[in-house]
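What follows is a single structure, written as structure tokens, with notes after it.
Just so it is clear, none of the values below were taken in a lab; they were calculated from the coordinates. In this text the structure is predicted, and so the values were computed from the model without any measurement. Backbone-built Cβ (ideal geometry, glycine too); neighbour counts: all protein chains shown.
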Amino acid sequence: MFRIEAEVDKARHDLLRSRLRDTNTAASPFIAALRRSPTTREVPLHLWALNDSGDLAGGLVGHTWATWLHVTHLWVDDPHRGTGLGSRLLTRAERIAHRDRDCTAARLETWDFQAPGFYRRHDYRVVCAIPDYPPGITEYTMIKPLP
């Protein structure tokens, strides 16, 4: 018999993640090799754009892992949209991932009301569309090979 609990528990979360990682490592020689190599571990990649006053004007948060850049957040404050700042942040992250971390591709998720057109202009293509996630919205997963 099992008891199922619904609660946020960081210690259990970390244990579950560790056990899942061990299971995945045992099943995949590639993942096992990645875990042994210090250059292919998940490494954060954060970029911050500050205005003349030192306030946050935009930023990109992501990480690199397994020869991939994963952009999780890219945001530009309203007064700076359309100035090329988002493009500069994305291009810089791709350059760091490729040149400094040997990444060969990038991925991200965006909603239909956010920036799929922006990413298409930067040569990303949709590989997955999830309609109604959340209801009334389509989420896209997009990828791009890095030169």
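Could you line up ILE4, ILE143 from fewest to most neighbouring Cβ atoms inside 10 Å?
Values: ILE4 4, ILE143 16.
In order of increasing Cβ crowding within 10 Å: ILE4, ILE143.
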Sum -39500 (n - 2.57) across every DSSP H segment of at least 4 residues in the chain, then divide by the residue count to get the 222 nm mean residue ellipticity, nearest 500. -9000 deg cm²/dmol
As a footprinting exposure proxy, order GLU109, GLU7 by other Cβ within 10 Å, with the fewest listed first. GLU7, GLU109
If you count, for each residue, the other Cβ atoms within 10 Å and average over each peptide, how do 63-76, 123-136 line up from highest to lowest? 63-76, 123-136
Does region 41-145 come out rounded, prolate or oblate, given a ≥ b ≥ c as the square roots of the eigenvalues of its C-alpha gyration tensor, rounded meaning a/c under 1.5 and, failing that, prolate meaning a/b above b/c? oblate
